[in-house]
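Student: Take this structure, written in structure tokens, and hold onto it; I'll ask about it next.
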DNA sequence: CAGTGAGCGAGCTTCCGCTTGACTT
């Protein structure tokens, strides 16, 4: 056993470093943070200078006790967590938890996992930097205060279980505001004119008119005019140009590019990258740095020189443009540049290929281009000219390997033009005027949202993917597939002296993988923006970050920074809790023709609903939940009234009634106490008995090899089932694990009851609560 | 998972960042 214990954050890193350091060193991992604010209640003593209350979470107990044992056997401990605010705090928590003296414990850092970098770090240890630790504590405490004081306001004023926070709420705001912008957008139609011209030698090329016409009459008049025009080439302009490669990948640019080129979601990209990292194939995948190690630059250079030639190589050092970047790691790159293909499966291989190409290209020469612009005019066209644009690659440089993708949907057409001479006359092959519609700003994709958040300095590489999951799981945003609709557009074409007119159709509005705000997302956002504009401000994070920097530099204390935030924030919370109206997004849809009562839509305790009648009526109002796909913002009176036809009986089957209803998770068929979801392609309003029976039978078939035994004497029914992970007992909504030494086939009802009595198995729920849960079935009748 | 929807009230929910397996039915 060595005398030195080195603690790093990641186990994969530990393995590599142990090889570099030799026999006298044991390298262990802390698996990230080992301590955090207590998970229940605030965990911050507001009245005691905001003193944090920390605990080692249950899932970290094993790691900590292992580290404690190793510390005992060591004479020197080296805290080697990352060199940033969080890393410094991890080092400090380790020192505190493991009982190390911060005055003597070594703290080392390195930005790249190479032998020279590690050995150099070991030569010059320092101590834990308390100012940096305090900056992290301020960050942590601020986020806790904001999140844990804002969320309960939402529970009270909108709906239980909701959440708000410095990062997630701004992410939702971006999506909501983009959606509003799109709703308010009115598309404008113009006529775009493109001419195809022919040279004497028969070569054709395209040129676009430098003007778009407002309407069909103008476009027609122009084409008419072209009939009798002799076209000739005006100015021909040739300009050299260059294009440079993009910087190596950071987490955010990798997520964007994998989304554009490979269609991966943000979390998919991260999990594939994690796999590659664990296999030692790429460097760390959560980074905001575009920096490459000297070693990597050199081996990229060798690789480029041998594969493409020396003139393709160009050593480049990139620097980050992001203000908030902490750069504790390298850019994401292949560990070994000479390994062009790697990965355990197709998806990993494609991601690795992308990383390899991006890294290599970043060390390659710029591409040399020649841009040509030629104008084409005619005597009676006035100021209107056709412009032909061409681009020729003179030297491909890095383009040989890689070209960064683009978010823009319509890319300007750039072709190679034939040789053009000023004054040369041309015959038009055809001149087309096509009706085009201006487009609204695009909705965010996961990746473009990450890009925007990074620009605003909000969130960190390790949180981009989880943040998206959070706002989806809370029901604030969703990623529906929108079919789109057909739209007509006019197409006019001048060919051989004749003008053709045609009405064509195209699909518009189809969306896939785009983020849409939900009803709840909008209501929550509007509430937060109205009452807590300071935290919802896009610059809030940037402002507090600069204060964290001041703490890190020792210019202000962390407690005073938090104090100055909290002294306004907390009264704001109290004021809103006290005085703000309940927010429900309520809208009056119209009058129900049957009862003459008003019909409303709003967010209720269980989600979006429609309501007939007033809350203070003598007769109670009727309620119905919305279907998935319906929004309180857009539902019509007719659609709302349809919803009151549920739940309804559609006939009998096997001596049981078949009912159709709408539950919290969508429409269902209920038969013989069993639920079957109605498929998306079926409309619950029109579904017939035959189809419902089909669904019931399909469900039975699917469940066939799932059931081992059913005890229907109980209420709710007790069932023994085969699950994906072995047999279990189900009663009502609860599942119970069957002990391994029990044969599920021979279980009797008594055995099952015994297992059930031992309590539900699984996370979260503490033992069976003694209190009989008051079922609130009777609530309907109980009032007055 | 699921058939509700006010209010009464107990007791629950919730943040961001750093890391991977444990867990899932």
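Readers should treat all values here as calculations from the given coordinates under stated rules, not as data from a laboratory. None of the values given here were measured: they were computed from a predicted structure. Methodologically, a virtual Cβ is constructed for each residue, glycine included, from the backbone with ideal geometry; neighbour enumeration extends over all protein chains shown.
Student: Quick one: Cα convex hull volume of the stretch A:251-365, Å³ per residue?
Tutor: With only Cα atoms used, the stretch A:251-365 gives 102 Å³ per residue.
Student: I would also like to ask the following. Based on other C-beta atoms within 10 Å, arrange A:384, A:671 from fewest to most.
Tutor: A:384, A:671
Student: In deg cm²/dmol, rounded to 500, what helix-only [θ] at 222 nm does chain A give when every DSSP H run of at least 4 residues adds -39500 (n - 2.57) and the total is split over its residues?
Tutor: -10500 deg cm²/dmol
Student: Oh, and also: Compute the Rg to Rh ratio over chain A from the alpha carbon atoms, using the Kirkwood formula for Rh, and round to two decimal places.
Tutor: 1.02
Student: Just want the ordering: A:567, A:60, from fewest to most Cβ atoms lying within 10 Å of their own Cβ.
Tutor: If I rank by nearby Cβ atoms, fewest first, I get A:567, A:60.
Student: Rank the residues A:216, A:204 as a footprinting-exposure proxy: fewest other Cβ atoms within 10 Å of their Cβ go first.
Tutor: In increasing order of surrounding Cβ atoms, one gets A:204, A:216.
Student: log₁₀ I(q)/I(0) of the stretch A:587-643 at q = 0.13, 0.26, 0.30 Å⁻¹, via Debye over equal Cα point scatterers, no solvent, to two decimals?
Tutor: Log10 of I(q)/I(0), two decimals: -0.27, -1.08, -1.38.
Student: In Å, what is the Rg of the alpha-carbon atoms in the stretch A:518-669, and how long is Dmax?
Tutor: In order Rg, Dmax, the Cα atoms of the stretch A:518-669 give 23.4, 79 Å.
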